[in-house]
1. May I ask you to derive the relative contact order of region 50-107, considering only C-alpha pairs under 8 Å and at least 6 residues apart, and to give it as an integer percent?
2. Which residue, Gln190, Gln45, Gln127, has the most motion in a Gaussian network model of the chain that connects Cα atoms within less than 10 Å?
3. Anyone know which of Gly68, Gly166, Gly147 comes out most mobile in the 10 Å Cα GNM of the chain?
4. Could you size up the charge dipole of the chain around its Cα centre, putting +1 on the beta carbon of Lys and Arg and -1 on that of Asp and Glu, and report it in debye to the nearest 20?
5. State to the nearest 20 debye the size of the charge dipole of region 28-141 about its Cα centre, where the only charges are +1 on K and R beta carbons and -1 on D and E beta carbons.
6. Only Cα pairs within less than 10 Å get springs; with that Gaussian network setup on the chain, which residue of Tyr123, Tyr59, Tyr94 has the largest fluctuation?
7. So what's the net charge close to Arg111: Lys and Arg +1, Asp and Glu -1, counting the other residues with Cβ under 10 Å from its Cβ?
8. Just grab the label-to-label distance for Asn137 and Asp29, each label 7 Å out from Cα along the Cβ direction, in nm (one decimal).
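What follows draws every value from the coordinates through simple rules; no lab data is involved. Not measured: the values here are computed from a predicted model. A quick note on method: Cβ atoms are made from the backbone with ideal geometry, for glycine too, and the neighbour counts reach across all protein chains shown.
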Amino acid sequence: MMLTVAMPKGRIFTEALVLLKQAGYDIPDDLEHSRKLMIDVPNEQLRFILAKPMDVVTYVEHGVADVGIAGKDVLLEEERDVYEMLDLRISPCYLAVAGLPNTCVHPIAPRVATKYPNIASTYFREQGEQVEIIKLNGSVELAPLIGLAERIVDIVSTGRTLKENGLIELERIVHVTSRFIVNPVSYRMQDRAIEHMVDRLTYAIEKAGESNEN
Ligand code: PRP
């Protein structure tokens, strides 16, 4: 039986493909450059669907994808009914609070722009800080520049986006890597195929770890 794998389009995708290849999967090279959103790899009994990172979890939760690759940021933002089975240790980054250097004097309830309203409100509540959360869908670094918010909560990877927009990191919230997630029903129905995939990925993660050490 075919296993459906939900993959996040964008920056995680390339690293996820490398890992799958290291796990021994024979993935066609054009997968990365194709505009197709559903691609079958019959010799591996795999079907890939390509979704926005935030939507990968939705496809897996609804069982239309058996497994998927999702960032820990997405998994922390919304509690979903999926099993998180492996830390793939790819696409490392972190969630941080950032702002313009000259807005260190806090207004009473600073406005915080973010794609992660739940993570941000939990974080500031735990800090005992009252803030107003403003939800955006991307290019969050723009918000302080244009006066929509005093702070942002967003992903920092290389730090280039912050730097090039004159923003500074104020606090780190949590480290983020990509995870292998599984639909609970699929895990029961397709346990052998999924376990096999977990084993192969575990091997690839360890191999990647070893080569990083060298
Ligand atoms: C992410 C993130 C930051 C940026 C960080 O955005 O939200 O904006 O990457 O990367 P850096 O530290 O290497 O500069 P993404 O490119 O996914 O697009 P988005 O702004 O539409 O969310």
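1. About 28 percent, as a whole number.
2. Gln127
3. In this elastic network of the chain, the residue with the biggest mean-square fluctuation among Gly68, Gly166, Gly147 is Gly147.
4. 400 debye
5. In debye, rounded to 20, region 28-141 gives about 400.
6. Its mean-square fluctuation being the largest, the pick is Tyr123.
7. -1
8. 3.6 nm
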